[in-house]
Amino acid sequence: MTDSHASATARPRNVTARVARLLGARPDGPQRNMDEGLGQGMEMALTLVVFLGLGWLLDAWIGIFPILTISLVVFASIGTGVKMWIGYDARMRRLEAERQAARTQHQDGTQHQSPEPGKNAGA
């Protein structure tokens, strides 16, 4: 009886976490990185499949089979690569700005705790 009670109390927390994630709350740490990586991989794969299918349909309709299929797959590959690179660059710039802000706050905090040598020496 206690086992069913324990599982019943544990279950709402799991459901709550799932609902929060569905509503847009993102976990921090490794789980978030894994979720972002999985999402980017799925986005890249689905984009390539869509452009592959579109190219195949256009080639079959026009009658020039491999040309548009290959062209659209190459276009989608380059486009998703550029999109990922821009996203990576923006994320790295944001992290660098956060690191710089933390360093500045740390330096400001240490300056207020200990005065600079020579400033108060004559007083």
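Quick notes on this structure:
- Single match in M92, M34, M84 (criterion: modelled with pLDDT under 90 and either surrounded by 10 or more Cβ atoms within 10 Å (Cβ to Cβ) or outside any helix (DSSP H, G or I) (or both)): M34
- Residues being loosely packed, with under 14 Cβ neighbours inside 10 Å and either touching a residue at least 24 places away in the same chain (Cβ under 8 Å) or assigned to a helix (DSSP H, G or I) (or both) - total across segment 44-72: 13
- For F75: the one exception among (1) surrounded by 11 or more Cβ atoms within 10 Å (Cβ to Cβ); (2) within 30 Å of L22 (Cβ to Cβ): (2)
- Test result for T104, modelled with pLDDT of 75 or more, of a type in the set (S, T, N, Q) and assigned to a helix (DSSP H, G or I): yes
The values are calculated or read from the model by the stated rules, or taken from the named source; none is laboratory data. Only a predicted model underlies this, so the values are computations on that prediction, with no experimental measurement involved. Here the Cβ is made from the backbone with ideal geometry for all residues, glycine too, and neighbour counts use every protein chain on show.
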